[in-house]
Amino acid sequence: MSRINEKREVFLDTIIEHPAFGQALDAIKRIHANRGPRAKGTIVYGDSGVGKTTLIDEYLLENPRVEERDRTRIPVVKIETHSGQTDKMIVQEVLHALNWPYPSTATMPKLFALMKRAFIELGVELVFFDEFQEVLPQKTKEFPQIVRFIKRAMNETGVPWILVGTDQVQSTLELGGNQMRRRFKGAYHLRAFSIRSPEDYSVFRDYIDLLQQALPFHCKHLTEENNLLRLYCATLGVPGFIANLLDELIDLHENDEVVTLDHLAQAHQRAFVGSGDTTAGAFLSQNPFLLPIAKVKEIAGRL
């Protein structure tokens, strides 16, 4: 592996938690710890890039598959869905994620029994159901059956489910009625950073400070006011987009050179624009690291 790739891997492996991320992670840990006859789930939702995948991946890393002498133990499993799925297809997704064989002709009762057996034999303790917005009523008429399946699965196995998806998933408790409210404890919103209030600005600055400390080279000026505004205009405070920008900065950086606005402008071009034939991937049609600071402040004031 090249030195550049090594530096990138070190940075990308650094989990930086913003407050909402930590709250959601703590909630999942509590849900996990209280599995059993009274198991309850929770909901995590937010736009693309705010950290949902990072949250799941970190939890899977903390609770990995373990090869024991007489079995493979899988404490946490993740499934991902797409539009038009049924409760039967979701059980199949679970069994597939667990590498548990099932007959192609198996009925729903048979598949459910296999899932219960797999949970016991593999020591399953928690299920992440990602992209849950794909099974909401807007996407499939099977939503009521899927809700009943999840409730039954939790009742009969004691394994909690974490429903993860876009902002639409926030409506799950209301759409699912009392049977969902009884089995799910609240919802956690992962969102982009804001700079609208002094408190929001301070949280964003602290986040960028943590990130610049994690960079594999000396870079101590990202938290200066003008640079923070440029960073915010470039990314709208979305953690995933901030990571993309800094990933490109790592790629551009050489030896011990000082990071300049030109480097950041190039990183922005690579991360969000590309060849320049279109700026559709960028939030602004102009590169915020090339604009006069007065223009940047004007733009930031409108965000």
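What follows is calculated from the coordinates using simple rules that are stated; it is not laboratory data. Fair warning: this is a prediction, and the values are worked out from it, not measured in the lab. Glycine also receives a Cβ, built like all others from the backbone with ideal geometry; neighbour counts cover every protein chain displayed.
Over the chain, what is the relative contact order in whole percent, taking alpha-carbon pairs under 8 Å and six or more residues apart? Walk me through the numbers before you get to the answer.
On the way: 433 pairs, mean separation 67.5, N = 303.
Across the chain, relative contact order equals 22 percent.
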Simple spin-label estimate for LYS295 and SER202 in nanometres, 7 Å along Cα-Cβ:
3.3
Given the chain, longest segment not containing exposed loop GluC sites (Glu not before Pro) (DSSP; at most 15 other Cβ within 10 Å):
69-223
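What percent do you get for the relative contact order of segment 19-189 when only Cα pairs under 8 Å and 6+ apart count? Mind dumping the intermediate values first?
Numbers: 277 pairs, mean separation 62.5, N = 171.
Value for segment 19-189: 37 percent.
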Say the dipole of segment 19-189 comes from +1 at the beta carbon of Lys and Arg and -1 at that of Asp and Glu; which of GLY84, ALA27, ALA39 then lies farthest toward its positive end?
ALA39
Roughly how tilted is helix 198-214, in degrees to the nearest 10 and between 0 and 90, from the longest Cα axis of the chain?
90
Of the candidates THR72, THR54, THR235, which one comes out as most mobile in a Gaussian network treatment of the chain with C-alpha springs shorter than 10 Å?
THR72
Which angle from 0 to 90°, rounded to the nearest 10, does the C-alpha axis of helix 108-122 make with the longest principal axis of the chain?
70
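Cut-off is 10 Å between beta-carbons; in what order do ASP251, ASP70 appear when sorted fewest neighbours first? Could you put the intermediate results ahead of the total?
Values: ASP251 16, ASP70 4.
Lowest to highest Cβ neighbour count: ASP70, ASP251.
Which pairs, out of LYS29/LYS141; LYS29/LYS116; LYS40/LYS116; LYS29/LYS220; LYS52/LYS295, put more than 28 Å between their alpha-carbon atoms? All intermediate terms of the calculation are to be shown ahead of the outcome.
Numbers: LYS29/LYS141 32 Å; LYS29/LYS116 22 Å; LYS40/LYS116 17 Å; LYS29/LYS220 34 Å; LYS52/LYS295 33 Å.
Table pairs above 28 Å Cα-Cα are LYS29/LYS141; LYS29/LYS220; LYS52/LYS295.
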Expected vector for segment 286-298, Karplus 3J(HN,Hα) from phi with 6.51, -1.76, 1.60 and θ = phi - 60°, integer Hz, x for Gly and Pro, equals 10, 6, x, 8, 10, 7, x, 4, 4, 5, 4, 5, 5
Per the rule of 0.36 nm per residue minus the C-alpha distance, extending MET89 to GLU121 adds in nm 9.4 nm
How about segment 110-210: which trypsin sites (Lys or Arg not before Pro) there lie in a loop by DSSP and see at most 12 other Cβ atoms within 10 Å?
LYS141, ARG196
Modelling each spin label as a point 7 Å along the Cα-to-Cβ direction, I'd like the ALA113/HIS96 distance in nm, to one decimal.
2.4
What is the helix-to-structure angle for 225-235, meaning the angle in degrees between its Cα long axis and the longest Cα principal axis of the chain, kept from 0 to 90 and rounded to the nearest 10?
50
Dipole of segment 137-277 (Lys/Arg Cβ +1, Asp/Glu Cβ -1, origin at the Cα centre): which of VAL258, GLN179, ASN226 lies farthest to the positive side?
GLN179
Taking 2.2 N^0.38 Å as the expected size of a compact globular protein, what ratio does the Cα radius of gyration of segment 183-303 give against it, to two decimals?
1.10
Which entry in (1) 35, 55, 10; (2) 36, 61, 3; (3) 29, 48, 22, 0 is this structure's computed P(r) over Cα pairs in 20 Å bins from 0, in percent?
(3)
How big is the antiparallel share of DSSP beta bridges in the chain, given as a percent to the nearest 5?
10
Signed unit charges on C-beta, dipole axis of segment 19-189, positive-most listed residue LEU95, THR140, ILE150:
ILE150
Quick check on segment 25-72: take the gyration tensor over C-alpha atoms, sort the square-rooted eigenvalues as a ≥ b ≥ c, and tell me if it's rounded (a/c under 1.5), prolate or oblate.
oblate
Partners for LYS185 among aspartates and glutamates (Cα-Cα distance below 20 Å; same-chain residues under 8 apart left out):
ASP26, GLU125, ASP130, GLU131, GLU156, ASP167, GLU174
Go ahead and collect, in residue order, the members of segment 124-165 whose backbone nitrogen is under 12 Å from a label point 7 Å along the Cα-Cβ direction of ARG182.
151-152, 155
From the mean inverse distance of alpha carbon pairs (Kirkwood) and the Cα radius of gyration, derive Rg over Rh for segment 64-203.
1.05
